[in-house]
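A quick write-up on the structure given underneath.
The values are calculated or read from the model by the stated rules, or taken from the named source; none is laboratory data. Because the structure is a prediction, the values reported are computed rather than measured. No Cβ is skipped: glycine too gets one built from the backbone with ideal geometry, and neighbour counts run over all protein chains shown. Just so you know, the surface numbers come from the protein's heavy atoms only, side chains and all, with ligands and any DNA or RNA stripped out. Shrake-Rupley method; radii C 1.70, N 1.55, O 1.52, S 1.80 Å.
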Amino acid sequence: MRSYLGLVARSARARRGQNRLTVLCIALSVFLVTAIFTTADMGTRAELEYMKEKHGSWHLRLEGISGEEGAEIAARNDVTSVGWCQSFNLEAEDSCLVNGKRAALYGVDESYLVGLRSGLEEGAYPETDGEAVLSGNARLALGVEPGDTVLLETAAGTRELTVSGLGSDDREYFQGQNFLVGVYLTPSAFGALLTEIGVPVEPSCYVEFESPAAASRAEEALKSLYGLGKGDLAENTAVLGISGVSGSRSLNGSYQAAAVLFVLVLLAGVLMISGSLHTNVAQRTQYFGMLRCIGASRRQILRLVRLEALGWCRTAVPAGLVLGTAVSWMVCALLRGMVGNEFAHMPVFALSPVGLAAGAVVGTATVLLAARAPARRAAQVSPVVAVSGAVDEAPISRGISRLGTGGVERTLGIRHATASKKNWLLTTASFALSMLLLLAFSVALDFAREVLPTLCPWQPDVTLNGYGNARVLSPELGERLRELPGVKNVYGTSYRTNVPAVCSREGVSSVHLASCDRFLLECARDCVLEGDLSAVLGEGGGAMIVRTKDNPLQVGDTVCIGEREIPIVCAISSGVWDSRRCLFCSEETFQSLTGERDYSLMGLQVEQNVPEDLLERIGGMIGDDVILDDLRAENASDRTLFLGVQIMVYGFTALVALISLINIASNVTLSVTARRRQYGVMRAVGMDGSQLKRMVAAEACTSVISGLAAGCALGLPLSMFLHARLVTRYFGTPWRLPVAPLVVIALFDLLAVILAVHVPVKRLREMEITAVIGDL
Amino acid sequence: MELLQVSGLSRTYGEGETAVRAVRDVSFSVPKGEFVAIVGESGSGKTSLLNMLGGLDRPTAGKVRIDGRDVYAMKEKERTVFRRRNIGFIFQSFHLLPELTVEQNIIFPVLLDYQKPDARYLEELLGVLGLRERRDHLPAQLSGGQQQRAAIGRALIARPALILADEPTGNLDSRNSSEVIALLKEASRKYEQTIVMITHNRTIAQTADRVLQVEDGVVTDLGRWQE
């Protein structure tokens, strides 16, 4: 040993078993932070790719830009690509037909369709103006393949087009429907056609920058340079939002929520490490005091403790980083392989600089910071205190006020838990934080549930929708559809927009009216937020509303339609139709108000394995004025996405819970180890095994209960805050007491106490009293 | 009447070549109210013997009977309760519980028995021990002698028949040592308690009714100390 600092290595070897728990706590904290941040990083990367695929890789859309200005923008150093697009007849209101089917026309350049939207599924971009790309559903709707010719009928006449390829700039929109086909022409062909029809040619300019941040920076410059007004510049919110640079106000709430979660995860790591270090050094006060006795200066003691802390990091931090990365790879592989869809782009074996840096910094910085305070305390120990041999724990400055005859062991246990205020605070805070995370993550799950409306019980697999929501679907059609093989359920709803009404609430002069059949009313039962649904049923005459932040109608309002007064008796969390100013009533009420019984929309829920020709058979039963939409792929995608979110949320919550549990157990174990001699004396003077167990249990319970109380006191308001930001704000669903997470926490508490008590007590009981107290 | 009967008591630590025979076939008995001192060199087996007398360490062979009851025939829990009610321990390093006051430390064994301490007896003890004024003090606020007196109080509170003390004066100066021994003797006389005490102090050994010498685990009865 060349220097006194060599003591650290020797001491570490001698105290290997004792240090194991500390190293474990640090490694677990680093692991937690690394795993969560790495997975979040990978998830963000995957989401970005998915969003690029879905919404295109462009960052800004500019209106009113000329070709020359576009070329100027394309020449900028920070711009990688510029594309052009204009659409016509998206709502199928004009008579544009392709092979007799309704057509939406697009004028797109190759850079937009092939580059920025990655929209070409098959074939090639048109080489001449006589060629066009048709949306993917043309194969189903028109029975065409690339190379075939189609006839395009417009107000300017009929022309023949060769199908150069299949694809679209919005795959999801065209997929599965056979009402509307997209026709993508070259800009010159499209411009000529619009000129012939008499529609101005005003293509939008889509710009992709070298990075989302560059796009965000360029926004203001472009606005002033080309005199762009408020509506002339739009962001690709999905892509910029994922990158965290969107100026969208609606995303700001989500950023705040993410920031809170980020800080919580960091804090959890910091607290766990601090707690374990504090307990460890408290236990070693005598040892440091002895060092002072034999001549170590305070500064030397501080150096020793710091070096020792770094020694722990040397093992714990890399272990945590490796473990965290490995677990995040497993999670990514699971999400990519089993869930797919949005997670299909998940990088599996990629290293995340963010995750690794977060883990390493949290581990090392926290250990150094946390070691500082106990190191100071250790340095302050008087050599005299060390010589006396009475420095097992922190100096006791206050006694127990009362010892009852009911259970002295419990009183002592509580006292042991609270004797060191700092330790108690750290344990409580660490446990409370894990509760906070659990409650926060449960809100994230609520958010995911709301974002994915396809998880509603009424979510249809196939919809039939009268064009312009016309009420053209008869109840008899519903009966016939129900008899088709593979069809599980059919429901119908009628919809009338802008019905003149007099409302008790000011500013509402018209409402939309929607009917709900028995099935939809049954589904509504599960999403009642306020009021009584029974007055809506049958001929009850009441109506319900969907509660959102945009809906002016509230429970208690009355709406007069004609002679009839309709009270709003119930609010639900989601509905089939646009919820703003919409009254949902029973079929009977709707009929008595409008005299109509046909539906605007029918939803079909089908078995998993349906006959291949089901869609064709349904198509044969409906007229040309009905839009048939197959939503099965989308539903499946949403369900797997929700499964993925659940895996992530529950996985990490379980991880946090597990780490917190280990933390509590290790804290109690360390505390018991520190009081070993005291417990030996108690046993010598007559404390039996079960009393010992009760005493340690009381100690563990105190930490757990205080953590629970602090966790509830902070976690419930946090849950309310996050819920208000993420859920109530967008979907109107009010916050409710998160019973399920609280029950999970209660069970987890029980487990924590059992685990925290079992191991140390077993060890103490197995040890001879004489071995524990040594000098009897 | 014999309070403590020890017959054929042996204790071996370790096995094979490394086995150490700390106590070898020891037999003796101590009548009620007697004050016995155990003397011997360090490592001679005194503490091992005392541990076994108190039911803290299991002998390899032999029996210990206290008030006619075989200590090691009892189950662990039963032995703990028996120890709590019948044996008082006094340690060299006092071993008071740091978070409890003097009074709370003294009544602690009674509370472990879920009993209410006898207030009059407690007052009497505090008086005898000279700790009335210090009853609400924490151990850290006491001198070594006061701490040991509190430890004696804890050993006496349950009115045990047998008090085992392992060098109770080892950490005290001579004045405090004399006081503590005087207290123990007074208690022994007043409450008819039997005391078995390990000591290195010749003066203390001289005051004992009988002296047992331990050498290499073998006990020799020296009777009253003779110079």
| Are any of the residues in segment B:39-52 more than 13 Å from chain A (Cβ to nearest Cβ) and not in a loop (DSSP other than H, G, I, E, B)? | yes
- Yes or no: A:LEU412 part of a helix (DSSP H, G or I), at pLDDT 85 or above and open to solvent by less than 20 Å² (accessible area, probe 1.4 Å)? yes
How many residues of segment B:95-106 are facing chain A (nearest Cβ under 7 Å) and not acidic (Asp, Glu)? The answer is 6
Restricting attention to segment B:122-137, the residues that are open to solvent by 10 Å² or more (accessible area, probe 1.4 Å), in contact with a Leu (Cβ under 9 Å, 6 or more places away or on another chain) and modelled with pLDDT under 90 number exactly 2
Just one listed residue, out of A:VAL743, A:VAL727, A:VAL685, is touching a strand residue (DSSP E or B) at 6+ places or on another chain (Cβ under 8 Å) and more than 24 Å from A:SER274 (Cα to Cα), and it is A:VAL685
How many residues of segment B:203-227 are open to solvent by 60 Å² or more (accessible area, probe 1.4 Å) and either more than 24 Å from B:GLY88 (Cα to Cα) or in contact with a strand residue (DSSP E or B) (Cβ under 8 Å, 6 or more places away or on another chain) (or both)? The answer is 11
It is to be established whether one or more residues within segment A:480-490 are in a strand (DSSP E or B), open to solvent by 50 Å² or more (accessible area, probe 1.4 Å) and either in the same structural domain as A:ILE622 (by TED's automatic domain parsing) or at pLDDT below 85 (or both). yes
Within segment A:519-557, the residues that are touching a helix residue (DSSP H, G or I) at 6+ places or on another chain (Cβ under 8 Å) and either assigned to a helix (DSSP H, G or I) or of a type in the set (A, V, I, L, M, F, W, C) (or both) are A:LEU521, A:ALA524, A:ARG525, A:LEU533, A:VAL536, A:LEU537, A:ALA543, A:MET544
Taking segment A:55-84 and keeping residues over 23 Å from A:ILE242 (Cα atoms) and among the β-branched types (Val, Ile, Thr) leaves A:ILE65, A:ILE73
Just wondering, is there one or more residues in segment A:573-587 that are in a helix (DSSP H, G or I), of a type outside the set (A, V, I, L, M) and in contact with a helix residue (DSSP H, G or I) (Cβ under 7 Å, 6 or more places away or on another chain)? no
Here the qualifying pairs (Cβ atoms under 6 Å; residues six or more apart or on different chains; first in segment B:115-135 and within 14 Å of another protein chain (Cβ to nearest Cβ) and part of a loop (DSSP other than H, G, I, E, B); second open to solvent by less than 70 Å² (accessible area, probe 1.4 Å) and among the aliphatic types (A, V, I, L, M)) come out as B:PRO117/B:ILE107; B:PRO117/B:VAL110; B:ARG135/B:VAL102; B:ARG135/B:LEU126
From the option list B:SER48, B:SER29, single residue qualifying as of a type outside the set (Val, Ile, Thr) and farther than 30 Å from A:SER690 by Cβ is B:SER29
Tell me, please, whether a residue that is within 30 Å of A:SER168 (Cα to Cα), aliphatic (A, V, I, L, M), part of a loop (DSSP other than H, G, I, E, B) and not assigned by TED's automatic domain parsing to the domain that holds A:ALA654 can be found in segment A:56-76.
yes
Expected single match for modelled with pLDDT of 85 or more, in a helix (DSSP H, G or I), of a type in the set (A, V, I, L, M) and more than 19 Å from B:THR80 (Cα to Cα) among B:ALA155, B:ALA150 is B:ALA150
Within segment A:455-479, restricting to residues that are of a type in the set (Gly, Ala, Ser) and either surrounded by fewer than 16 Cβ atoms within 10 Å (Cβ to Cβ) or outside the structural domain of A:ILE618 (by TED's automatic domain parsing) (or both), the one that is modelled with the lowest pLDDT is A:GLY468
Looking across segment A:665-694 at residues that are more than 10 Å from every other protein chain (Cβ to nearest Cβ) and of a type in the set (A, V, I, L, M), the single one that is nearest to B:ARG84 (Cα to Cα) is A:VAL672
Considering segment A:494-541, residues that are within 13 Å of A:LEU593 (Cα to Cα) and hydroxyl-bearing (Ser, Thr, Tyr), and then whichever is surrounded by the fewest Cβ atoms within 10 Å (Cβ to Cβ), we arrive at A:TYR495
Of the residues in segment A:415-467, those that are among the hydroxyl-bearing types (Ser, Thr, Tyr) and not in a helix (DSSP H, G or I) come to A:SER420, A:THR463
Within segment A:309-335, the residues that are touching a residue at least 60 places away in the same chain (Cβ under 8 Å) and farther than 17 Å from A:ALA358 by Cβ are A:ALA309, A:GLY311, A:TRP312, A:THR315, A:LEU334, A:LEU335
Every listed condition ((1) surrounded by 22 or more Cβ atoms within 10 Å (Cβ to Cβ); (2) under 30 Å from B:LEU96 (Cα atoms)) holds for A:GLY689 save (1)
Per the filter on segment B:78-94, residues open to solvent by 20 Å² or more (accessible area, probe 1.4 Å) and within 7 Å of chain A (Cβ to nearest Cβ) are B:VAL81, B:GLN92, B:SER93
Within segment B:136-147, residues among the hydrophobic types (A, V, I, L, M, F, W, C), assigned to a loop (DSSP other than H, G, I, E, B) and facing chain A (nearest Cβ under 8 Å) come out as B:LEU138
Out of (1) buried (at least 17 other Cβ atoms within 10 Å of the Cβ); (2) farther than 30 Å from B:MET52 by Cβ; (3) modelled with pLDDT under 80, the one A:HIS723 does not meet is (3)
I'd like to know if segment A:491-498 contains one or more residues that are assigned to a loop (DSSP other than H, G, I, E, B), of a type in the set (Ser, Thr, Tyr), under 35 Å from the mean Cα position of the chain (by Cα) and more than 28 Å from A:TRP735 (Cβ to Cβ). yes
Note on B:LEU100: of the conditions (1) open to solvent by less than 60 Å² (accessible area, probe 1.4 Å); (2) in a helix (DSSP H, G or I); (3) at pLDDT below 90, unmet is (2)
